[in-house]
Amino acid sequence: MDPGSGNNKTAVAEFILLGLVQSEKLQSVVFVLFLFAYLVTVGGNLSILTATLVEPKLHTPMYFFLGNLSALDVGCITVTVPAMLGHILSHKHTISYEACLTQLFFFHLLAGMDCFLLTAMAYDRFLAICRPLTYSTRMNQAVQWILVAVSWACAFTNALTHTIALTTLNFCGPNEVNHFYCDLPQLFQLSCSSTQLNELLLFAACFIMAGVPMVLIITSYIHVAAAVLQIRSVEGKKKAFSTCGSHLTVVCLFYGTGVFNYMCLGSVAVSDKDKGVGVFNAIINPMLNPLIYSLRNPDVQGALWRVLVGRWSLT
């Protein structure tokens, strides 16, 4: 933006991302660790996505949503980590105002999509366990695609709203973002104008994007738990809890870190803690998701093994 273009424009043309650490030696360690995490995350999630596409046994609604979640995880970590690795290599930690807004938009788009997709997965488990006789009709392909399309529409609206609202703020003074990617709480701290409306908007969005899905997920699993407890077979109970346990683990990790990150606004004292939460949101969670689903799910393990064996046999 032009520094002299008026009070309703930002005077800051670029931001400085301070990153996780300041020491050059520690930056080298961070580079290696995050590059490894990125490769593991992309490889693991693409493997699960490939397995759900090529393995006929996994052509079910649950694995349709799991494949979408894997694609989202790849996108989420790609929005933040490659840029951070590039900053470490080039020793240039600046990011333009426009690039910062773009990164923020896509991060909130993919994170918002995660919220609704995890809710759709809980609804799928509710129908499969509590309404098994009507499951095939209530969760047919049309319903699956509608749920995904509505999730994308809601997430896009949320991300676009935050991005447009951020452009109304003035950034005229400090431009050092105490984080390794652009996010709302850290940018609010740098604004020269009042962020009260933006924080209220973020609070309202958190209630809609996180609060409502959490209520729906909890309600679904209350019914699921009641139905599972009525199953007489020990093996049946074990299988039901196994398919639900992976999803519940991912939900707890995702919402636990997300709520902490966006409910502690305006506090400079917690900014270093925000970095750790950001690592969980952008890196650890996407990396753990394929491990959680594959380690606890024999169907996914078998499909991954057949995909890998088939690939090796072709080579």
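The values are calculated or read from the model by the stated rules, or taken from the named source; none is laboratory data. Bear in mind that the values here come from a model prediction, so they are computed numbers and not experimental data. Glycine gets a Cβ as well: all are built from the backbone with ideal geometry, and neighbour counts include every protein chain shown. Accessible surface areas use protein heavy atoms only, side chains included; no ligands, DNA or RNA. Shrake-Rupley method; radii C 1.70, N 1.55, O 1.52, S 1.80 Å.
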query: What is the Å³ per residue value for the convex hull set by the Cα atoms of the chain?
result: 151 Å³
task: Using +1 at the Cβ of each Lys and Arg and -1 at the Cβ of each Asp and Glu in the chain, identify which of Phe207, Leu304, Thr163 lies farthest towards the dipole's positive end.
output: Leu304
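Report the extension gain between Gln141 and Ala99 in nm, rounded to one decimal, defined as 0.36 nm multiplied by the number of residues separating them, less their alpha carbon distance. Mind showing how you got there, number by number?
On the way: separation 42, 0.36 × 42 = 15.12 nm, distance 3.70 nm.
Difference between extended and current length: 11.4 nm.
Using a Förster distance of 22 Å, how high is the FRET efficiency between Ala83 and Thr167, based on the Cβ-Cβ distance and rounded to 0.05? Walk me through the numbers on the way to the answer.
Values: r = 21 Å, r/R0 = 0.93.
Using R0 = 22 Å, I get an efficiency of 0.60.
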query: Of Gly19, Gly236, Gly258, which has the largest mean-square fluctuation in a 10 Å C-alpha GNM of the chain?
result: Gly236
- line: Whole-Hz Karplus couplings 3J(HN,Hα) for the stretch 39-56, θ = phi - 60° and coefficients 6.51, -1.76, 1.60, Gly and Pro as x, run 5, 5, 5, 5, x, x, 5, 5, 5, 5, 4, 5, 4, 5, 7, 9, 8, x
Point-charge dipole on Cβ atoms (K/R +1, D/E -1) for the chain, about Cα centre, debye to 20: 1200 debye
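How large is the helix-only mean residue ellipticity at 222 nm for the chain, computed as the sum of -39500 (n - 2.57) over DSSP H runs with n ≥ 4, divided by its residue count, in deg cm²/dmol to the nearest 500?
On the way: 12 runs with 227 residues, N = 315.
So the helix-based figure for the chain works out to -24500 deg cm²/dmol.
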- prompt: Between Ile16 and Gln196, what is the label-to-label distance in nm when each label sits 7 Å out along the Cα-to-Cβ direction?
  reply: 3.2 nm
field: Protein-only accessible surface order, largest first, of Thr195, Thr167 at 1.4 Å
entry: Thr167, Thr195
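So how strong a dipole does the stretch 39-171 carry about its Cα centre when Lys and Arg Cβ are +1 and Asp and Glu Cβ are -1, to the nearest 20 debye?
Values: 5 positive and 5 negative charges, 48 e Å.
Magnitude of the dipole: close to 240 debye.
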statement: The farthest towards the positive end of the charge dipole of the chain, of the residues Val234, Val81, Phe116, given +1 on Cβ of Lys and Arg and -1 on Cβ of Asp and Glu, is Val234
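Rounded to the nearest 0.05, what FRET efficiency do Glu235 and Trp305 give with R0 = 25 Å and r taken as the Cβ-Cβ distance? Could you check?
Working: r = 23 Å, r/R0 = 0.90.
Efficiency, from the Cβ-Cβ distance: 0.65.
For the stretch 58-187, with all protein chains present and a 1.4 Å probe, just round the carbon and sulfur fraction of the accessible area to a whole percent.
On the way: 3430 of 4950 Å².
Reported share for carbon and sulfur atoms: 69 percent.
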statement: The helix 285-295 Cα axis meets the longest alpha-carbon principal axis of the chain at an angle in degrees, between 0 and 90 and rounded to 10, of 10 degrees
field: Distance (nanometres) between label positions extended 7 Å along Cα→Cβ at Phe207 and Thr134
entry: 3.2 nm
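Size of the dipole of the stretch 97-185 about the Cα centre, Lys and Arg at +1 and Asp and Glu at -1 on the beta carbon, nothing else charged, in debye to 20? Spell out each step's value before the answer.
Working: 3 positive and 5 negative charges, 109 e Å.
Charge dipole, the stretch 97-185, about its Cα centre: 520 debye, nearest 20.
Just want to confirm a number: the relative contact order over the stretch 57-167, from Cα pairs under 8 angstrom separated by 6+ residues, in percent.
Working: 65 pairs, mean separation 41.5, N = 111.
Here the relative contact order equals 37 percent.
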query: Of Thr257, Cys154, Val54, which is farthest on the positive side of the dipole of the chain, counting Cα position, with +1 on Lys and Arg Cβ, -1 on Asp and Glu Cβ, and the Cα centre as origin?
result: Val54
